[in-house]
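Encoded as structure tokens, the structure appears first; notes follow it.
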């Protein structure tokens, strides 16, 4: 297995509310089959899929799914950009879990939850500068 993630799929309760949230952040949908909303990212895709349909596809009861203890991280080139995204997310309907602040590891970050409770970390890591197109690598480029 190659060391990469191609697609992150979020199980959502209301496709239009969730899609509208990401569109309010400035993201653009791409063509996708009925029942799926997709947003192409830098080298990856974020997919939204109905929570009941996701459980059915996996062969598990919907009650066993949830947002769990995972986060999706979005790294930015500086602190001002972190503040701007946190502001935009709140305006789009995100619940701010932790306002952006200095971190113990020397960076600057905050957390918000989307309408389904999926948690996003918005961060600036001065030790991992982004690539020319915004790509992230743990120790920078």
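The values are calculated or read from the model by the stated rules, or taken from the named source; none is laboratory data. All figures in this text were calculated on a predicted structure; none of them were measured in a lab. Positions of Cβ are generated from backbone atoms using ideal geometry, with glycine treated the same way; all protein chains shown enter the neighbour counts.
Quick look at the numbers
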read-out: Contacts under 7 angstrom Cβ, first residue in the range 78-106 being more than 21 Å from residue 128 (Cβ to Cβ), partner in a loop (DSSP other than H, G, I, E, B), 6 or more apart; value: 88/25; 89/25; 92/25; 93/115; 94/114
read-out: Any chance residue 54 is assigned by TED's automatic domain parsing to the domain that holds residue 4, outside any strand (DSSP E or B), under 20 Å from residue 19 (Cβ atoms) and within 16 Å of the chain's Cα centre (by Cα); value: no
read-out: Tally, over the range 57-86, of residues that are assigned to a helix (DSSP H, G or I) and under 15 Å from the mean Cα position of the chain (by Cα); value: 3
read-out: Every residue from the range 21-45 that is in contact (Cβ under 8 Å) with a residue 12 or more places away in the chain, farther than 25 Å from residue 137 by Cβ and surrounded by 13 or more Cβ atoms within 10 Å (Cβ to Cβ); value: 21, 24, 32, 36, 37
read-out: Selection count, the range 87-116, where residues are part of a loop (DSSP other than H, G, I, E, B) and out of contact with any strand residue (DSSP E or B) (no Cβ under 8 Å at 6 or more places or on another chain); value: 4
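Yes/no matrix, rows are residues, columns are (1) farther than 28 Å from residue 98 by Cα; (2) in contact with a helix residue (DSSP H, G or I) (Cβ under 9 Å, 6 or more places away or on another chain); (3) modelled with pLDDT under 90:
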{"site": "18", "(1), (2), (3)": "no, no, no"}
{"site": "21", "(1), (2), (3)": "no, yes, no"}
{"site": "26", "(1), (2), (3)": "no, yes, no"}
{"site": "32", "(1), (2), (3)": "yes, no, no"}
{"site": "38", "(1), (2), (3)": "no, no, no"}
{"site": "45", "(1), (2), (3)": "no, no, no"}
{"site": "56", "(1), (2), (3)": "yes, yes, no"}
{"site": "61", "(1), (2), (3)": "yes, yes, no"}
{"site": "64", "(1), (2), (3)": "no, yes, yes"}
